[in-house]
1. Of all residues in region 52-70, which are under 18 Å from the mean Cα position of the chain (by Cα) and small (Gly, Ala, Ser)?
2. Determine, yes or no, whether GLU84 is open to solvent by 40 Å² or more (accessible area, probe 1.4 Å) and either within 25 Å of SER48 (Cβ to Cβ) or within 14 Å of the chain's Cα centre (by Cα) (or both).
3. Select from region 104-155 the residues that are touching a Gly at 6+ places or on another chain (Cβ under 7 Å) and not in a strand (DSSP E or B) and write down the one among them that is modelled with the highest pLDDT.
4. Among residues belonging to region 100-155 that are β-branched (Val, Ile, Thr) and buried (at least 19 other Cβ atoms within 10 Å of the Cβ), point out the one that is nearest to GLU46 (Cα to Cα).
5. Of all residues in region 47-62, count the ones that are under 12 Å from PRO98 (Cβ atoms) and modelled with pLDDT of 95 or more.
Amino acid sequence: MFVRLVPRSALPRLALMAGLVWATAACQGEADVNRAAQAESNAWKEPSAYTFTLKSSGGERLLIGTFRVTVREGKAVRAVGLDEPGRRVVKQSPGAVPTIGGLVKELEQARRDGADTADAEFSTTGYPLRITLDWSAKAVDDEAEYAIIDYVVGR
């Protein structure tokens, strides 16, 4: 009986190594994105006085509507509902309308808690233009979307 030895191919080893390199790079890329997102949210420093319009939507929660907000020393000192849901919130729970700083803290907490979605789009000057949160993709109506427009730094 004659046994012929066949050299083993290096292809499976190369495929395994390529897969490991790809997985490592993907994890590194994700970490880089998380660090970049965290750096963006930390780039904006809340001024002592500003105004902005907040459009809050998504999910089944109290803070739904459009609001014009005046902030002094980190506190929302005035909130005006600009639509019917916004007016209802201001009338029933005036303290529920957050500052931009409060929204950034909510974003950072969602990231720390491992929310399925905790994304933000920032302006060139660093303040958030849009924040999208979804604590659990499997849950219904736990999403929150915030759009920040008409941001003006005041005295």
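The values are calculated or read from the model by the stated rules, or taken from the named source; none is laboratory data. All of these numbers come straight from a predicted model, not from anything done at the bench. Glycine also receives a Cβ, built like all others from the backbone with ideal geometry; neighbour counts cover every protein chain displayed. In case anyone asks, the SASA skips ligands and DNA or RNA and just uses the protein heavy atoms, side chains included. Shrake-Rupley method; radii C 1.70, N 1.55, O 1.52, S 1.80 Å.
1. SER56, SER57, GLY58, GLY59
2. Working: open to solvent by 40 Å² or more (accessible area, probe 1.4 Å): yes; either within 25 Å of SER48 (Cβ to Cβ) or within 14 Å of the chain's Cα centre (by Cα) (or both): no.
It is false that GLU84 is open to solvent by 40 Å² or more (accessible area, probe 1.4 Å) and either within 25 Å of SER48 (Cβ to Cβ) or within 14 Å of the chain's Cα centre (by Cα) (or both).
3. So, considering only residues that are touching a Gly at 6+ places or on another chain (Cβ under 7 Å) and not in a strand (DSSP E or B), the one modelled with the highest pLDDT is ASP142.
4. ILE100
5. The total comes to 3.
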